[in-house]
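Asks: Please see the structure below; I have some questions.
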Amino acid sequence: MASSDSKKQNPSAKLWGGRFSQKTAASVEAFTASIHYDARLYRHDIAGSRAHATMLARQGLITDEERDLIIQGLSEIEQEIEDNRFLFKPELEDIHMNIEKALVDKIGDPGKKLHTARSRNDQISLDIRLYLREESERIIGLLTGLQQAFVRLARKYLSAVMPGYTHLQRAQPVLVSHHLLAYYEMFERDKERTRDCLKRINVMPLGSAALAGTGLPIDREFVAKELNFPAVTANSMDTTGDRDFAVEFLSVCALIQIHLSRLAEELILWSSSEFSFITLADSFCTGSSIMPQKKNPDIPELLRGKSGRVIGNLMSLLTLLKGLPLTYNRDLQEDKEPIFDSVDTVVPSLAIATELFDNLSFNTDRLADATRSGYMTATDLADYLVLKKVAFREAHSIVGQAVAFCIKEKKELEDLSLKELQRFSDAIDQDVFDVLSVKGSINSRTSTGGTSLTTVTDALCAAEKKLGMGK
Ligand code: ARG
């Protein structure tokens, strides 16, 4: 009886339609709907509802039979969605109401009790947190995969040499493996940041209800335990208006993509004929529709290009939050597309970058040649003089003059005779030639974090151990 009465008074036929006397305009339904993108939260929404219904029954707010019907109904709906048999309706706005309406249609009155002590405002916060928790774990796994690719290559090219650059000018010779392990560290920080951000994502918001909490006897801690959250949020008003955890997540994504972009920039440069430091596998390049000779590094270019949208998504969310009064505002519905887009960009980017690294080779001869010009052992010569008690500033100036002499004579430092070298400083002796060689230069850099073979070998072993890569 009660339900047919309420139907009469509810021409809008919405779950929230009781106080409305007109049907919602079709244009409004189209404008406010989010189901075309938030449908992907169905698993998270259903997991939350299951835990919520279990708690409601424990608290005596619904019966055990009602709980079982709700949970059974939700499982069927989940299966229907998975099998593509579920009809999403835009007039039901979002994933929450599509599922709730389907549940009521399926099991009748018990379905109407599911939303007890809950609001879509805390529900959506839960869904996004569950989603981001999953995606964060996935990203951490992909970051590990990428690090393993760097480490495999570092092992393979452990003692290969290359020029290290500052200002994109040849600076000092380094090991290829040292360069690769620099990226290992960069992405290690991204992993740490993702884990840290997870701490703020991983807090259970349900029970905040619309904004003020609820007078019904719920058990938030139980729901948290059911859903594997270590804690519940502290303030219901903060909770319903908070998307800081999503900002942090998007900022982590932006930095990951920026790191991929920097890496991509190097690959693009290195694969050019000007550098010829690496060769990308044919299967990981594309051709030109007009220039038959071309082999283009499109993957790194897209990795670089996609950083724009990931940075943009972070800016979107920050801007979205900027002027919002507490607590929930419908503006917050606009958080999801940037979140999804960043995930959909970063996840495949990390995966393809890993594949790319398994499909490139370093041209070690060419890299070694490149270390032989550019006076890259000049700092070593200065350091040599320092060890012979010459003040560093003076040593710097002496070596500067030696380099100027080499430029004029079209010679490398290594090519100078002892006599020629001694014209610049009488502190120079026969042993100078040990430090002027590329190998000597590299292997002298034994300071912690430096490029000597021994330090890099230690760093590589530590990385392999951390990544669980047994030799
Ligand atoms: N679709 C909404 C969102 O994504 C869910 C919450 C809607 N709440 C409301 N009171 N209209 O934010």
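The values are calculated or read from the model by the stated rules, or taken from the named source; none is laboratory data. From a predicted model like this one, the values you see are computed outputs, not experimental measurements. With ideal geometry, Cβ positions are generated from the backbone for all residues, glycine too; neighbour counts draw on all protein chains shown.
Asks: State whether one or more residues within the stretch 259-275 are in a loop (DSSP other than H, G, I, E, B) and in contact with a Phe, Trp or Tyr (Cβ under 8 Å, 6 or more places away or on another chain).
Replies: Start the filter on the stretch 259-275 by keeping residues that are in a loop (DSSP other than H, G, I, E, B), which leaves 271-275.
Now narrow it down to the ones that are in contact with a Phe, Trp or Tyr (Cβ under 8 Å, 6 or more places away or on another chain): 271.
There is at least one residue in the stretch 259-275 that is in a loop (DSSP other than H, G, I, E, B) and in contact with a Phe, Trp or Tyr (Cβ under 8 Å, 6 or more places away or on another chain).
Asks: Just wondering, is there one or more residues in the stretch 325-332 that are on the phi < 0 side of the Ramachandran plot, surrounded by 15 or more Cβ atoms within 10 Å (Cβ to Cβ) and of a type in the set (Asp, Glu)?
Replies: The answer is no; no qualifying residue exists.
Asks: Would it be correct to say that GLU80 is surrounded by fewer than 22 Cβ atoms within 10 Å (Cβ to Cβ) and either out of contact with any Lys or Arg (no Cβ under 7 Å at 6 or more places or on another chain) or not in a loop (DSSP other than H, G, I, E, B) (or both)?
Replies: Against the criterion (surrounded by fewer than 22 Cβ atoms within 10 Å (Cβ to Cβ) and either out of contact with any Lys or Arg (no Cβ under 7 Å at 6 or more places or on another chain) or not in a loop (DSSP other than H, G, I, E, B) (or both)), GLU80 qualifies.
Per-residue answers, yes or no, for (1) within 30 Å of ILE201 (Cβ to Cβ); (2) aliphatic (A, V, I, L, M):
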{"residue": "ILE139", "(1), (2)": "yes, yes"}
{"residue": "GLY145", "(1), (2)": "yes, no"}
{"residue": "PHE150", "(1), (2)": "yes, no"}
{"residue": "TYR157", "(1), (2)": "no, no"}
{"residue": "VAL161", "(1), (2)": "no, yes"}
{"residue": "TYR165", "(1), (2)": "no, no"}
{"residue": "GLN169", "(1), (2)": "no, no"}
{"residue": "GLN172", "(1), (2)": "no, no"}
{"residue": "LEU180", "(1), (2)": "no, yes"}
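Asks: Show the residue pairs that are 6+ apart or on different chains and have beta-carbon atoms under 6 Å apart, the first residue being within the stretch 91-116 and of a type in the set (Gly, Ala, Ser), the second being in a helix (DSSP H, G or I) and away from the ligand (no atom under 16 Å from the Cβ).
Replies: Between residues of the stretch 91-116 that are of a type in the set (Gly, Ala, Ser) and residues that are in a helix (DSSP H, G or I) and away from the ligand (no atom under 16 Å from the Cβ), the close pairs are ALA102/ILE77; GLY111/LEU103; GLY111/VAL104.
Asks: So which residues in the stretch 25-44 are among the aliphatic types (A, V, I, L, M) and not in a loop (DSSP other than H, G, I, E, B), if there are any at all?
Replies: ALA26, VAL28, ALA30, ILE35, ALA39, LEU41
Asks: Is it fair to say ALA463 is in contact with a Gly (Cβ under 9 Å, 6 or more places away or on another chain), surrounded by 12 or more Cβ atoms within 10 Å (Cβ to Cβ) and at pLDDT 95 or above?
Replies: Details: in contact with a Gly (Cβ under 9 Å, 6 or more places away or on another chain): no; surrounded by 12 or more Cβ atoms within 10 Å (Cβ to Cβ): yes; at pLDDT 95 or above: yes.
So ALA463 fails the test.
Asks: When only residues in the stretch 328-342 that are among the polar types (S, T, N, Q) and within 11 Å of the ligand (Cβ to nearest atom) count, which is nearest to ARG40 (Cα to Cα)? If you could, list the steps in order and put the result at the bottom.
Replies: Step one: filter the stretch 328-342 for residues among the polar types (S, T, N, Q), giving 329, 333, 342.
Still in the running and within 11 Å of the ligand (Cβ to nearest atom): 329, 333.
Values: ASN329: 22, GLN333: 14 Å.
Once the filter is applied, the top-ranked residue is GLN333.
For every residue, the table says whether it meets (1) within 14 Å of the ligand (Cβ to nearest atom); (2) part of a helix (DSSP H, G or I); (3) in contact with a Ser or Thr (Cβ under 6 Å, 6 or more places away or on another chain).
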{"residue": "SER21", "(1), (2), (3)": "no, no, no"}
{"residue": "ILE46", "(1), (2), (3)": "no, yes, no"}
{"residue": "LEU61", "(1), (2), (3)": "no, no, yes"}
{"residue": "GLU66", "(1), (2), (3)": "no, yes, no"}
{"residue": "ILE99", "(1), (2), (3)": "yes, yes, no"}
{"residue": "ALA102", "(1), (2), (3)": "no, yes, no"}
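Asks: Which count do you get for residues in the stretch 304-324 that are surrounded by fewer than 16 Cβ atoms within 10 Å (Cβ to Cβ) and without any contact (Cβ under 8 Å) to a residue 60 or more places away in the chain?
Replies: 7
Residues checked against (1) more than 26 Å from LEU158 (Cβ to Cβ); (2) loosely packed, with under 14 Cβ neighbours inside 10 Å:
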site: ARG372; (1), (2): no, no
site: VAL386; (1), (2): yes, no
site: ALA395; (1), (2): yes, no
site: CYS406; (1), (2): yes, no
site: LYS410; (1), (2): yes, yes
site: VAL438; (1), (2): no, no
site: ASN443; (1), (2): no, no
site: SER447; (1), (2): no, yes
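Asks: State which residue is farthest from ILE268 (Cα to Cα) when the search covers only the stretch 169-187 and only residues that are in contact with a helix residue (DSSP H, G or I) (Cβ under 8 Å, 6 or more places away or on another chain) and either without any contact (Cβ under 8 Å) to a residue 60 or more places away in the chain or among the basic types (Lys, Arg) (or both).
Replies: ARG170
Asks: Could you identify the single residue in ALA368, ALA351 that is in contact with a helix residue (DSSP H, G or I) (Cβ under 7 Å, 6 or more places away or on another chain) and either among the hydrophobic types (A, V, I, L, M, F, W, C) or surrounded by 16 or more Cβ atoms within 10 Å (Cβ to Cβ) (or both)?
Replies: ALA351
Asks: Whether any residue in the stretch 283-293 is crowded, with 16+ Cβ neighbours inside 10 Å, in a loop (DSSP other than H, G, I, E, B), free of Cβ contacts under 8 Å to residues at least 24 places away in the same chain and touching a strand residue (DSSP E or B) at 6+ places or on another chain (Cβ under 8 Å) is what I want to check. Please lay out each step first, then the result.
Replies: Quick first cut of the stretch 283-293, residues crowded, with 16+ Cβ neighbours inside 10 Å only: 284-285.
Now drop any that are not in a loop (DSSP other than H, G, I, E, B), which leaves 285.
Add one more test, that the residue is free of Cβ contacts under 8 Å to residues at least 24 places away in the same chain, and what stays is 285.
After this cut, where a residue has to be touching a strand residue (DSSP E or B) at 6+ places or on another chain (Cβ under 8 Å) as well, the list is 285.
For the stretch 283-293, residues crowded, with 16+ Cβ neighbours inside 10 Å, in a loop (DSSP other than H, G, I, E, B), free of Cβ contacts under 8 Å to residues at least 24 places away in the same chain and touching a strand residue (DSSP E or B) at 6+ places or on another chain (Cβ under 8 Å): present.
Asks: Restricting the search to the stretch 117-130, which residues are within 12 Å of the ligand (Cβ to nearest atom) and out of contact with any Pro (no Cβ under 8 Å at 6 or more places or on another chain)?
Replies: Start the filter on the stretch 117-130 by keeping residues that are within 12 Å of the ligand (Cβ to nearest atom), which leaves 118-128.
Of everything in the stretch 117-130, those that are within 12 Å of the ligand (Cβ to nearest atom) and out of contact with any Pro (no Cβ under 8 Å at 6 or more places or on another chain) turn out to be ARG118, SER119, ARG120, ASN121, GLN123, ILE124, ASP127, ILE128.
Asks: If you take the residues of the stretch 117-163 that are within 15 Å of the chain's Cα centre (by Cα) and either basic (Lys, Arg) or not in a helix (DSSP H, G or I) (or both), which of them is surrounded by the fewest Cβ atoms within 10 Å (Cβ to Cβ)?
Replies: ARG138
Asks: Could you count how many residues in the stretch 71-90 are without any contact (Cβ under 8 Å) to a residue 24 or more places away in the chain and either within 15 Å of the ligand (Cβ to nearest atom) or among the charged types (D, E, K, R) (or both)?
Replies: 4
Asks: Another question, if that's okay. Within the stretch 306-328, take every residue that is small (Gly, Ala, Ser) and out of contact with any Ser or Thr (no Cβ under 8 Å at 6 or more places or on another chain) and give me the one that is nearest to SER261 (Cα to Cα).
Replies: For the stretch 306-328, the residue satisfying everything is GLY308.
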